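The values are calculated or read from the model by the stated rules, or taken from the named source; none is laboratory data. Quick caveat, the model's predicted, so the values are computed rather than measured. Virtual Cβ from ideal backbone geometry, glycine too; neighbours counted across all protein chains shown. Side chains are part of the model used for accessible areas, which takes the heavy atoms of the whole protein and leaves out ligands, DNA and RNA. Shrake-Rupley method; radii C 1.70, N 1.55, O 1.52, S 1.80 Å.
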Amino acid sequence: MTVQKFTYRGSPKGEVFLPGDKSISHRAIIIGGVSDGKLRIKNFSWGKDNLSTWKAMENLGVKIWSEGEEVIVEGRGLDGLSEPSDVLDAGNSGTTIRLLTGLLSAQEFYSVITGDRFLRKRPMGRVVNPLRKRGASIWGRKGGELAPLSILGRKLGEFTFFMDVPSAQVKSAILLSGLNATGPTKVVERAPTRDHTERMLKYFGADIKFRYPEVLLSPGKELRPVDLTIPGDLSSAAFFIVLALILEDSEIVIRDVLLNPTRTGIIEVLRKMGANIEVINYSEEWEPRGDLIVRSSRLKNIIIEGEDVVKSIDEIPVIAVAGVFGKGKLVVRDAGELRVKETDRIRAIVENMKKFGVEVEEFNDGFSIQGGTLSPPREVEVDPMGDHRIAMAFAIMGHALRDSVVTIKDFEVVDISFPSFREKLDGLF
Ligand code: S3P
């Protein structure tokens, strides 16, 4: 158990490069693993979640190794994975278990996949039920709602899926189950979710067309491996963006970060709150990327709901921190999904905010925060409740407190997505 302390240290300045995007790093290993040869990945994320995907793919027969900072994957082709001799462990990672359940339901062998005590409480029916409709044989606790999941893979047929939960993990699971199917896969979305799977499959030469709300994948085309340089993770950048916004006289530059429009909700929401965030050096290969310049800003609070929530779902904990320093009331609604993330993030935000004397209200599908009501005691102890993003959000809060120290329990949870968080943060002071 590592406890870490955070307090005011002046204004952040300078520039930072961040580790690769977590969602894309998962897909690079998974799609790379079923591609038709060797690829090199630069700026891989190295978070524990990504290492869970790495380990699972190795246990499915894919050779993966590092050379210096680079990761090399030797793909086995669409039908080249082999039956794992033990249970696959997704650790804390929802993306690992859900994407691999899709992939494995179409591989002709038996596999079992599970995860840690947090993951084993998270809903799996959202992938299991549509995959079963497609003809997959999957079993799990509570009728397939909870991991461990056991999967008897087989060739699957064509499938059209109208999504009910807006989830990129579900969409991706269905697409991965269709790569070697006997007919096409069509997915129709209800709200736009991150499209990294579609973009990477296209880049690797799959026969895929996507234009919101539809994705159409035709099977049978081998995936050609392509070397990838993964852009910095915008969800990790979000912590530093809010840090620079809420402190006076800050100016930071975040280099080569992912700017995929399904992920830039955090920038849009913060700009609506009055944030000064500039994009420079924008470029687009298979994913859009660029540099961000962020300067101190006077924030005003707003209502965040609907598609804005879907597009900034992972950043809501740090948006809540921004709300503490904004004028007026920050209201987050339509965010029931936060209850089934790594922890119940609505409860984790509300309970920890109360410790700082912040006026906060809890709703079933969100929360509200009254800006300017902060009155922390000298020492505040934050419990991240096992959640990496809660830990990092409150570390940022600590930097805005001149007379208090924030102690965060179990700080090692940040290793899930951002092991170099503290080092990168220190580089800005
Ligand atoms: C992810 C999708 C999102 C996100 C998660 C990563 C992905 O989850 O919250 O951190 O890589 O596809 P949902 O698909 O459950 O919305």
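Sort through Val73, Val87 and tell me the only one that's farther than 27 Å from Glu189 by Cβ and surrounded by 16 or more Cβ atoms within 10 Å (Cβ to Cβ). Show your work before the answer.
Values: Val87 fails: surrounded by 16 or more Cβ atoms within 10 Å (Cβ to Cβ).
Criteria check complete, one pass: Val73.
Among the numbered conditions (1) within 19 Å of His196 (Cα to Cα); (2) touching a strand residue (DSSP E or B) at 6+ places or on another chain (Cβ under 7 Å); (3) open to solvent by 20 Å² or more (accessible area, probe 1.4 Å), tell me where Thr101 comes up short.
That leaves (3) as the condition not met.
Just to check your reading of the model, which residue among Leu119, Leu99 is in contact with a helix residue (DSSP H, G or I) (Cβ under 6 Å, 6 or more places away or on another chain), within 16 Å of the ligand (Cβ to nearest atom) and assigned by TED's automatic domain parsing to the domain that holds Glu198? Outline the logic, then answer.
On the way: Leu119 fails: in contact with a helix residue (DSSP H, G or I) (Cβ under 6 Å, 6 or more places away or on another chain).
Of Leu119, Leu99, the one residue that is in contact with a helix residue (DSSP H, G or I) (Cβ under 6 Å, 6 or more places away or on another chain), within 16 Å of the ligand (Cβ to nearest atom) and assigned by TED's automatic domain parsing to the domain that holds Glu198 is Leu99.
With the structure loaded, tell me whether Gly135 is within 15 Å of the ligand (Cβ to nearest atom) and surrounded by fewer than 19 Cβ atoms within 10 Å (Cβ to Cβ) or whether it fails that test. Quick ask: steps written out before the conclusion?
Details: within 15 Å of the ligand (Cβ to nearest atom): no; surrounded by fewer than 19 Cβ atoms within 10 Å (Cβ to Cβ): yes.
Against the criterion (within 15 Å of the ligand (Cβ to nearest atom) and surrounded by fewer than 19 Cβ atoms within 10 Å (Cβ to Cβ)), Gly135 does not qualify.
Which count do you get for residues in the range 339-395 that are open to solvent by 10 Å² or more (accessible area, probe 1.4 Å), of a type outside the set (A, V, I, L, M) and on the phi > 0 side of the Ramachandran plot?
Of the residues in that region, 3 qualify.
Go through (1) more than 24 Å from Glu222 (Cβ to Cβ); (2) out of contact with any strand residue (DSSP E or B) (no Cβ under 7 Å at 6 or more places or on another chain) and name the single condition Phe6 misses.
The single condition Phe6 does not satisfy is (2).
Quick check: anything in the range 57-70 within 16 Å of the ligand (Cβ to nearest atom) and either under 30 Å from Glu145 (Cα atoms) or touching a helix residue (DSSP H, G or I) at 6+ places or on another chain (Cβ under 6 Å) (or both)? Don't jump to the end; show me each part of the working.
Taking the range 57-70 first, the residues within 16 Å of the ligand (Cβ to nearest atom) are 57.
So of that shortlist, the ones also either under 30 Å from Glu145 (Cα atoms) or touching a helix residue (DSSP H, G or I) at 6+ places or on another chain (Cβ under 6 Å) (or both) come out as 57.
Within the range 57-70, one or more residues are within 16 Å of the ligand (Cβ to nearest atom) and either under 30 Å from Glu145 (Cα atoms) or touching a helix residue (DSSP H, G or I) at 6+ places or on another chain (Cβ under 6 Å) (or both).
Name the pairs whose Cβ atoms lie under 6 Å apart, with the first residue in the range 98-123 and closer than 27 Å to Lys155 by Cβ, the second hydroxyl-bearing (Ser, Thr, Tyr) and open to solvent by less than 10 Å² (accessible area, probe 1.4 Å), and 6 or more positions between them or separate chains?
Filtered contacts from the range 98-123: Leu99/Ser172; Gly102/Ser177; Leu104/Ser111; Ser105/Ser177; Ala106/Ser177.
Pull up the range 229-254, narrow it to residues that are more than 12 Å from the chain's Cα centre (by Cα) and hydroxyl-bearing (Ser, Thr, Tyr), then point me to the one that is farthest from Glu268 (Cα to Cα).
Of everything passing the filter in the range 229-254, Thr229 is farthest from Glu268 (Cα to Cα).
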